[in-house]
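Visitor: Dumping the structure here so I can ask a few things about it.
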Amino acid sequence: MDFLSNLISGLSLGSIYALIALGYTMVYGIAKMLNFAHGDIIMVGAFTIIVSISTCGLPVWVALILSVVMCTVLGVVTERVAYKPLRKSEPLTVLITAIGVSYLLQNLALLIFGSSQKSFPSIFDISSVHIGDLSMSGESVVTLAVTIIIMIALSLFINKTRAGKAMRAVSEDKEAAELMGISVNKTISLTFAIGSALAAVAGVFYGATYGFIGPYTGSMPGIKAFVAAVFGGIGSIPGAMIGGLLLGVLESLSKAYISTELSDAIVFASLIVVLLVKPTGLLGKVIKEKV
Amino acid sequence: MGLNEIKAKKNDLITYGIVIILFAIVAVMVATGMATRHMQSILVPVCINIILAVSLNLVVGFLGELSLGHAGFMSVGAYAGCLFAIYTADILPAAVRFPLAMIIGGVVAAVFGVLIGIPVLRLSGDYLAIVTLAAGEIIRSVIINLGFTGGAAGLKGTPQDSNFIIGFVVVLITMFVIMNFVNSKHGRAIKAMRDNKIAAESCGVNLNSYKLLAFVMGAFFAGVAGVLYGHNYSILTADVFDYNRSIEILVIVVLGGIGSIRGSIISAIIITILPEALRGFADYRMLIYAIALIVMMLLNSSEKGREILSKLNFRSLGSLLKNRGAKKEVQGNDE
């Protein structure tokens, strides 16, 4: 039973990673850039919840909407201001800019909220669920359920709608997509918007699970989610889901059975192993280098 | 000797000149008592940051790959060198022990560089950046969990042998080695690889071994800087070597100009002194770094921005990136 409850907490953690990894993988697939600041969007989303519930006393559903809107706008604005002018630049330039944006968000939060961790309001008033001897916390049940719903909706969106088709086309070949009348700029903005909205949702679940949020809260889950995206094959949406869940389970089990302090090291080591054995990840496509 | 080589030599001599003149000014200030205690206390950190920035510039500027694990190599070197110094504190005199500790720290960091580099350098770009970051974090959490490193509480008892003169000598050695390396046949191979991988490979440049060479060299000097760091403070904890530290070094390199050794040196000096000199600045320090990073990159990516930069006399950076952007000849532009 111990094993099962560890597995479930791993799956719940993994679904948070999966939500963040989706943002990474979609942006990477379309803009071919590693959005280093994506992790910090989670932190912004969580802080929006804290401010609107604890400080302004707004109802939970308003706070949730505010948080998603805030992150979406932030994602689109950073893309417009910082990444769009660099679309033809070298990857090194874009990566350094993304690190700059990440640093900017962290330090703005540091100036506004201070370095101490703020407690996250309890927004899911759900008692834990018992099945036989097994008990699951309300948060993990909600996290798992919402993640599954979001993933199904996202798959439908990508595969069935016109906008989703445009996104797939842009990620395949930007120039050809443009010739077909697809607005590349709008599609990239849309991708950032969706990715950031998912990050906001992840931020809510992260805050609800851990209870505390600080200016640097987003960076570690952000990096781990990138690991998850690589794990599943960067650019692949089902890959990000599977990668996130696997990584969450791996982290939870190594915390339970190996060592709490070493769990991060194990997660990162798994990234190195995956990249060596199968550099394209579990579901990634092989891209041939052209001269 | 070709024209480019003469130009490179001249450039190097100017850089040496700047560093030696700065050293002389500081030495006079210390000798005449003009430098306060507080000013003296940041002299060694300045040297450490110069070594770190120059060695990271070798990887970022000349190899063209982003390594975010520089602080990891620094910590490996620091722990190796400091443990050696602690165990030999009673046996060896400081004059022998400290240089030996630095060499050991550097070599151990270089060994880690090889161990991490062989698998990691098969990747490039974003993947390489994130994997070096992961490697740095692995090193940090392993150090915290090992018994003989003092764990989370830190390593105490390292003899405090660091001083400004030694720091300066190590800076000179680092400059000498890296600047000569960059202008050598191997350095040209690495720059060729940065500018066009496929063309370099078809000219017979062995990509993997040259990548590894530059990476390991960067790791070696990061380790030496770590030993210097460890000998400057009474306690050594692994937490100071997290990836924020790596990014701080990257900020120094980027602000000084990617691919410019002289720029790295000047920017390391400014960035170390500025927060100490302006107390009120400390709160906004990281925020300003972040904005500076973004603005630098945005300016460099547009024609107009590059003009502004070259007017501001960030010549090295502007011209280097311009040439890289336009895929022109790069030779002779790197200092």
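The values are calculated or read from the model by the stated rules, or taken from the named source; none is laboratory data. These numbers come from a predicted model, not from an experiment. Here Cβ is always computed from backbone atoms with ideal geometry, including for glycine, and neighbour counts include all displayed protein chains. Just so you know, the surface numbers come from the protein's heavy atoms only, side chains and all, with ligands and any DNA or RNA stripped out. Shrake-Rupley method; radii C 1.70, N 1.55, O 1.52, S 1.80 Å.
Visitor: So which residues in the range A:1-25 are farther than 21 Å from B:ILE294 by Cβ and open to solvent by less than 10 Å² (accessible area, probe 1.4 Å)?
Guide: Narrowing the range A:1-25 to residues farther than 21 Å from B:ILE294 by Cβ: A:1-22, A:25.
A:GLY10, A:SER12, A:GLY14, A:SER15, A:ILE16, A:TYR17, A:ALA18, A:LEU19, A:ILE20, A:ALA21, A:LEU22, A:THR25 - these are the residues of the range A:1-25 that are farther than 21 Å from B:ILE294 by Cβ and open to solvent by less than 10 Å² (accessible area, probe 1.4 Å).
Visitor: Considering A:VAL62, A:VAL51, A:VAL68, which residue is open to solvent by 10 Å² or more (accessible area, probe 1.4 Å), more than 28 Å from A:ILE188 (Cα to Cα) and not in a loop (DSSP other than H, G, I, E, B)? Talk me through it step by step, then tell me what you get.
Guide: Numbers: A:VAL62 fails: more than 28 Å from A:ILE188 (Cα to Cα); A:VAL68 fails: more than 28 Å from A:ILE188 (Cα to Cα).
That would be A:VAL51, the only listed residue that is open to solvent by 10 Å² or more (accessible area, probe 1.4 Å), more than 28 Å from A:ILE188 (Cα to Cα) and not in a loop (DSSP other than H, G, I, E, B).
Visitor: Just one of B:ARG122, B:ARG140, B:ARG194 is within 30 Å of A:LYS278 (Cβ to Cβ), touching a residue at least 60 places away in the same chain (Cβ under 8 Å), open to solvent by 10 Å² or more (accessible area, probe 1.4 Å) and not in a helix (DSSP H, G or I); which is it? It would help to see each step written out before you state the result.
Guide: Working: B:ARG140 fails: not in a helix (DSSP H, G or I); B:ARG194 fails: not in a helix (DSSP H, G or I).
It is B:ARG122.
Visitor: While we're here: How many of the residues making up the range A:1-48 are assigned to a helix (DSSP H, G or I) and either more than 22 Å from A:ILE242 (Cβ to Cβ) or among the small types (Gly, Ala, Ser) (or both)? Before you say what the answer is, go through the steps one by one.
Guide: Filtering the range A:1-48 down to residues assigned to a helix (DSSP H, G or I) leaves A:2-31, A:38-48.
Then keep just the ones that are either more than 22 Å from A:ILE242 (Cβ to Cβ) or among the small types (Gly, Ala, Ser) (or both); that gives A:2, A:5, A:9-10, A:12, A:14-15, A:18, A:21, A:23, A:29, A:31, A:39-41, A:43-48.
Looking only at that region, the number is 21.
Visitor: Please count how many residues of the range A:76-102 are facing another protein chain (nearest Cβ under 7 Å), open to solvent by 10 Å² or more (accessible area, probe 1.4 Å) and assigned to a helix (DSSP H, G or I).
Guide: The number of residues fulfilling the criteria is 4.
Visitor: Turning to a different aspect of this structure: Give B:ILE294, B:ILE249 a once-over and let me know the one that is modelled with pLDDT of 85 or more, more than 9 Å from chain A (Cβ to nearest Cβ) and assigned to a helix (DSSP H, G or I).
Guide: On the way: B:ILE294 fails: more than 9 Å from chain A (Cβ to nearest Cβ).
The conditions single out B:ILE249.
Visitor: Another question, if that's okay. Take A:SER52 and tell me if it is more than 14 Å from chain B (Cβ to nearest Cβ), more than 18 Å from the chain's Cα centre (by Cα) and not hydrophobic (A, V, I, L, M, F, W, C).
Guide: Numbers: more than 14 Å from chain B (Cβ to nearest Cβ): yes; more than 18 Å from the chain's Cα centre (by Cα): yes; not hydrophobic (A, V, I, L, M, F, W, C): yes.
For A:SER52, the condition - more than 14 Å from chain B (Cβ to nearest Cβ), more than 18 Å from the chain's Cα centre (by Cα) and not hydrophobic (A, V, I, L, M, F, W, C) - is met.
Visitor: Follow-up. Select from the range A:105-129 the residues that are of a type in the set (A, V, I, L, M) and more than 14 Å from chain B (Cβ to nearest Cβ) and write down the one among them that is most open to solvent (accessible area, probe 1.4 Å). It would help to see each step written out before you state the result.
Guide: First, pick out the residues of the range A:105-129 that are of a type in the set (A, V, I, L, M): A:105, A:108-112, A:123, A:126, A:129.
Within this subset, residues satisfying the condition of being more than 14 Å from chain B (Cβ to nearest Cβ) are A:123, A:126, A:129.
Values: A:ILE123: 24, A:ILE126: 84, A:VAL129: 53 Å².
Going through the qualifying residues, I end up with A:ILE126.
Visitor: Between a first residue in the range B:246-274 that is on the phi > 0 side of the Ramachandran plot and a second residue that is modelled with pLDDT under 85 and open to solvent by less than 10 Å² (accessible area, probe 1.4 Å), which pairs have beta carbons less than 6 Å apart while being 6 or more apart in sequence or on different chains?
Guide: Hits for this filter: B:GLY257/B:LEU317; B:GLY259/B:LEU320; B:GLY259/B:ASP334.
Visitor: Still on this structure, please answer the following. Please indicate, with yes or no, whether at least one residue in the range B:125-132 is open to solvent by less than 40 Å² (accessible area, probe 1.4 Å), under 18 Å from the mean Cα position of the chain (by Cα) and of a type in the set (Gly, Ala, Ser).
Guide: yes
Visitor: Could you list, in sequence order, all residues of the range A:230-245 that are open to solvent by less than 10 Å² (accessible area, probe 1.4 Å) and either more than 30 Å from A:SER115 (Cβ to Cβ) or within 10 Å of chain B (Cβ to nearest Cβ) (or both)?
Guide: Initial filter on the range A:230-245 (open to solvent by less than 10 Å² (accessible area, probe 1.4 Å)): A:230, A:232-233, A:239-240, A:243-244.
Those that are open to solvent by less than 10 Å² (accessible area, probe 1.4 Å) and either more than 30 Å from A:SER115 (Cβ to Cβ) or within 10 Å of chain B (Cβ to nearest Cβ) (or both): A:VAL230, A:GLY232, A:GLY233, A:GLY239, A:ALA240, A:GLY243.
Visitor: Would you mind stating whether B:ILE265 is in a helix (DSSP H, G or I), modelled with pLDDT of 80 or more and more than 12 Å from every other protein chain (Cβ to nearest Cβ)?
Guide: yes
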